[in-house]
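The values are calculated or read from the model by the stated rules, or taken from the named source; none is laboratory data. Note that the structure is predicted; figures quoted are calculated from it, not measured. Here the Cβ positions follow ideal geometry from the backbone for every residue, glycine too, while neighbour counts run over all protein chains shown.
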Amino acid sequence: DGSSGGPARNRNGLKGTFLPGSIRNPQAPSRHLLKPPGAVTLVSLSTSTVSDQAFVTLATNDIYCQGALVLGQSLRNQRATRRLVVLITPQVSNLLRVILSKVFDEVIEVNLIDSADYIHLAFLKRPELGVTLTKLHCWTLTHYSKCVFLDADTLVLSNIDELFDRTEFSAAPDPGWPDCFNSGVFVFQPSLETHGLLLQHATDHGSFDGADQGLLNSFFSSWSTADIHKHLPFIYNLSSNTAYTYSPAFKRFGSSVKVVHFLGPTKPWNYKYNPQTGSVLEEGSGLANQHQTSFLNLWWKIYQHSILPLYESFQDEEDHASPGHTDHLSPVLLELTFVSCPMATSPTLSPEEERRKWEEGRIDYMGKDAFARIQEKLDRFLQ
Ligand SMILES: O=c1ccn([C@@H]2O[C@H](COP(=O)(O)OP(=O)(O)O[C@H]3O[C@H](CO)[C@@H](O)[C@H](O)[C@H]3O)[C@@H](O)[C@H]2O)c(=O)[nH]1
Ligand SMILES: [Mn+2]
């Protein structure tokens, strides 16, 4: 239990900001276990899991939550035997917290603003590293002995439990600069000491790419030379859009790919998808190659068959709930659900403009984004 001397256990599954008292005293108990609004009581979804190891992802907004949901579901489909954890920030809506809790064992809110002083300081000095510092929060999950981090824009195609045989810090080469690792998939060992050192590094040196990958590469700088076991094979982090740059290799090894990573500016949820054909639409999206297309189609298949129904069943529950029961869930949150649906796009705005508008919270609640309109489109989509 939480009194066993270690850092706070995240018993209620939420607000697990495992804050140390200071860097020098990393074993201090948590001083921050408030239940946030909309906290979800979680049930453990897995029975035969190794409970002290976890797959971890991160979603700082409702859009990236769509990716996290598909990733979590893909891990379940491949019978992952470790716990599934998603780190979220306060921006994530109550609705998405509930939906996430249907796929993940733990939904843990982390908040830079009211974090321990040294995090706060690093944040203030380097505000541009916001999302980066949030990713580093995964080292605070000290109720796990070892974890595998996966970006929310990754998709697991076969069981990857063997990654837990690796040690910190293991990652696959970055396709753009193979002497650097890509920070979308990595094996790490939670430790408040390491976390503190990483933040210190961020404060002192920043990041050469302004984000976590640059920071982690300069922190774990011996990765490319010290120990070949820490080089994960490329099949654990295949960037979907570079599969074709060395197509003979893809022909030879592509079928053994285990994790696809949709890195870059265009994510699967930015594409339009036709559920009748089971294929993303190519118009204007600049699709590069057929491998990429088939990975995108796999992503959407999971989204359509396993994630959308979670929203529907949630709405059914809402319909039967007694009045007042769902006070904390405004209709706005229901609308937000469908932001990444292919049909919720405006005829006048480009997908990029549309997305930016949503992400900035500029939502046309009374007009084209009204829930009734989206529901109408959804009905057509599901007919
Ligand atoms: O607004 C955001 C942005 C990112 N993330 C999370 O951070 C991850 C990294 O961002 P992503 O958009 O996936 O970046 P990539 O396109 O993959 O670009 C590369 O560069 C990033 C910054 O260095 C690294 O984090 C990635 O691992 C690396 O592949 C995402 O998957 C999410 O888990 C959010 O939750 N919200
Ligand atoms: Mn990514």
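Things worth noting here:
- Here P173 meets each of (1) free of Cβ contacts under 8 Å to residues at least 60 places away in the same chain; (2) not in a helix (DSSP H, G or I) with one exception, condition (1).
- Flag set for S115, criterion: more than 26 Å from K267 (Cβ to Cβ) and either assigned to a strand (DSSP E or B) or away from ligand 1 (no atom under 16 Å from the Cβ) (or both).
- Evaluation of Q53 against (1) within 19 Å of the chain's Cα centre (by Cα); (2) modelled with pLDDT under 95; (3) in a strand (DSSP E or B) (one fails), failing number: (2)
- Checklist (1) crowded, with 21+ Cβ neighbours inside 10 Å; (2) within 16 Å of ligand 2 (Cβ to nearest atom); (3) among the hydrophobic types (A, V, I, L, M, F, W, C) applied to V110, failing item: (2)
- Looking across the stretch 203-241, just one residue is at pLDDT below 95, more than 13 Å from ligand 1 (Cβ to nearest atom) and surrounded by 17 or more Cβ atoms within 10 Å (Cβ to Cβ), and that is T203.
- Residue check for F164: of a type outside the set (S, T, N, Q), over 14 Å from L263 (Cβ atoms), in contact with a His (Cβ under 6 Å, 6 or more places away or on another chain) and more than 11 Å from ligand 1 (Cβ to nearest atom): no
- Any chance D165 is outside the structural domain of I302 (by TED's automatic domain parsing), away from ligand 2 (no atom under 16 Å from the Cβ) and surrounded by fewer than 22 Cβ atoms within 10 Å (Cβ to Cβ): yes
Okay, residues lined up against (1) over 18 Å from S306 (Cα atoms); (2) within 16 Å of ligand 1 (Cβ to nearest atom); (3) surrounded by fewer than 24 Cβ atoms within 10 Å (Cβ to Cβ):
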{"residue": "T60", "(1), (2), (3)": "yes, yes, yes"}
{"residue": "Q78", "(1), (2), (3)": "no, no, yes"}
{"residue": "T81", "(1), (2), (3)": "yes, no, yes"}
{"residue": "Q91", "(1), (2), (3)": "yes, yes, yes"}
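- Test: residue in the stretch 179-200 that is under 23 Å from L84 (Cα atoms), within 12 Å of ligand 1 (Cβ to nearest atom), of a type in the set (A, V, I, L, M) and modelled with pLDDT of 95 or more: yes
- Test result for L96, part of a helix (DSSP H, G or I), within 13 Å of the chain's Cα centre (by Cα), buried (at least 24 other Cβ atoms within 10 Å of the Cβ) and of a type in the set (A, V, I, L, M, F, W, C): yes
- Residues located in the stretch 242-263, provided they are within 18 Å of F181 (Cβ to Cβ) and modelled with pLDDT under 90: T242
- Criterion (part of a helix (DSSP H, G or I) and within 30 Å of G254 (Cβ to Cβ)) met by exactly one of F164, F123, F149: F164
- Residue match in the stretch 118-129 (condition: within 16 Å of ligand 2 (Cβ to nearest atom), in contact (Cβ under 8 Å) with a residue 12 or more places away in the chain and not polar (S, T, N, Q)): no
- From K301, K272, residue being basic (K, R), modelled with pLDDT under 90, farther than 21 Å from T245 by Cβ and under 23 Å from the mean Cα position of the chain (by Cα): K272
- Every listed requirement among (1) in a loop (DSSP other than H, G, I, E, B); (2) in the same structural domain as C180 (by TED's automatic domain parsing); (3) of a type outside the set (D, E, K, R) is met by T245 save one, (2).
- Hits in the stretch 131-154 (condition: within 16 Å of ligand 2 (Cβ to nearest atom), out of contact with any helix residue (DSSP H, G or I) (no Cβ under 6 Å at 6 or more places or on another chain) and either outside the structural domain of T167 (by TED's automatic domain parsing) or of a type outside the set (A, V, I, L, M) (or both)): T134, C138, D151
- Scanning the stretch 194-212 for residues that are within 16 Å of ligand 2 (Cβ to nearest atom) and free of Cβ contacts under 8 Å to residues at least 60 places away in the same chain gives a single hit, D209.
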